[in-house]
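Below is one structure, written out as structure tokens; the observations come after it.
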Amino acid sequence: MRRFFIESILDNVILKGDEFEHFKKVLRGKIGDKITCFCGDGKEYLCEVDKIENNYANAKVLEIKNSDKDSSLNVTVFVGIPKGDKMEFLIQKLSELGVSKIIPFESSFTIAKPKNKQDRYKKIAIEACKQCGRTIPLKVLDCVSFKEMLKSLKDYDISYFAYEQAYGGNFDDVKNHKNIALIVGSEGGFSEEESKLILEAGAKIVSLGKRILRCETAPIYAVSVIDYLTKN
């Protein structure tokens, strides 16, 4: 069944803007069609379209059920700002893997600069929700400094530092935690001083294997391991 994101849902649903255009022009929607809607509250709303106008459609809510596709974990990925469109790729894939938030940060070896693309990022996260079945979209927060990232680590039960020069360290204790941070660098990685500061802030160093992974591969690999170990 086709899925639509609505900002807020009461007794009825109003499709407008891009969602209405998709329903009417792409899907050739009509009165009587059943659709599934979500608004980020962890629920799915089974609806039936009962009115179509020039610029909106109305649907009545038939059934509400809790989603079983959203992760029970709160996983935040701190990622050094990647170059090009890699952030968009990460938003899509980490959405599929159940990540709650992505927080980009600047460090000594980041080359790319912060981009004001929040509307674009939100749209990608919502589209990923439609595809994978989750109902709470991943959030992309504004870029923070390296120091701000370090200060944020105290807000998590445990923080993992994926370091390309690590020769040991794993995620075996992740099953004991619900509020998890993962730190991954940009293409240039981290300086020796930054690595030291991350460890002093309480992060646990982990190895992602013998091979050096790209900055867009490492978070996907690490979150997949966390997902497997916690069965989320």
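None of the figures in this text is laboratory data; all of them are computed from the coordinates on show. Quick caveat, the model's predicted, so the values are computed rather than measured. Every residue, glycine among them, receives a Cβ derived from its backbone with ideal geometry; neighbour counts consider all protein chains shown.
Overview of results
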read-out: Residues in the stretch 161-199 reached by a label modelled at residue 113 [backbone nitrogen below 16 Å; 7 Å Cα→Cβ]; value: none
read-out: Using alpha-carbon coordinates, inclination of helix 86-96 to the longest axis of the chain, degrees; value: 70 degrees
read-out: Euclidean distance between Cα centres, the stretch 172-232 to the stretch 145-169, Å; value: 7 Å
read-out: Crossing angle, helix 218-230 versus the chain [Cα axis fit, 0-90 degrees, rounded to tens]; value: 80 degrees
read-out: Set 43/178; 69/210; 139/178 screened for pairs whose C-alpha atoms are more than 25 Å apart; value: 69/210
read-out: Alpha carbon convex hull of the chain, projected area averaged over orientations, nm²; value: 13.3 nm²
read-out: Eligible aspartates and glutamates near residue 147 by straight Cα distance, threshold 17 Å, same-chain separation 8 or greater; value: 106, 155, 192, 193, 194, 200
read-out: Partners for residue 16 among aspartates and glutamates (Cα-Cα distance below 18 Å; same-chain residues under 8 apart left out); value: 7, 33, 48, 50, 53, 119, 127
read-out: Computed over the chain: relative contact order in percent, which uses C-alpha pairs under 8 Å that are six or more apart; value: 19 percent
read-out: Integer Hz, Karplus 6.51/-1.76/1.60 couplings in order for the stretch 40-56, x for Gly and Pro; value: x, 9, x, 10, 10, 10, 7, 10, 10, 6, 10, 7, 10, 10, 5, 10, 6
read-out: Equivalent ellipsoid semi-axes, the stretch 56-111, via Cα gyration tensor eigenvalues times 5, rooted, Å; value: 33, 16, 9
read-out: Distance histogram in 10 Å bins (all Cα pairs of the stretch 1-83, percent per bin); value: 17, 45, 21, 14, 4
read-out: Sequence-distant residues sharing a close amide H with residue 75 (under 5 Å, placed H); value: 100, 101, 180
read-out: Karplus 3J(HN,Hα) series, Hz, for the stretch 5-18 with 6.51 cos²θ - 1.76 cosθ + 1.60 (x for Gly, Pro); value: 9, 10, 4, 8, 10, 10, 7, 9, 10, 10, 8, 8, x, 4
read-out: Residue-wise HN-Hα coupling along the stretch 201-212, computed from phi with Karplus coefficients 6.51, -1.76, 1.60 (Hz; x: Gly, Pro); value: 7, x, 6, 9, 6, 9, 9, 9, x, 6, 9, 7
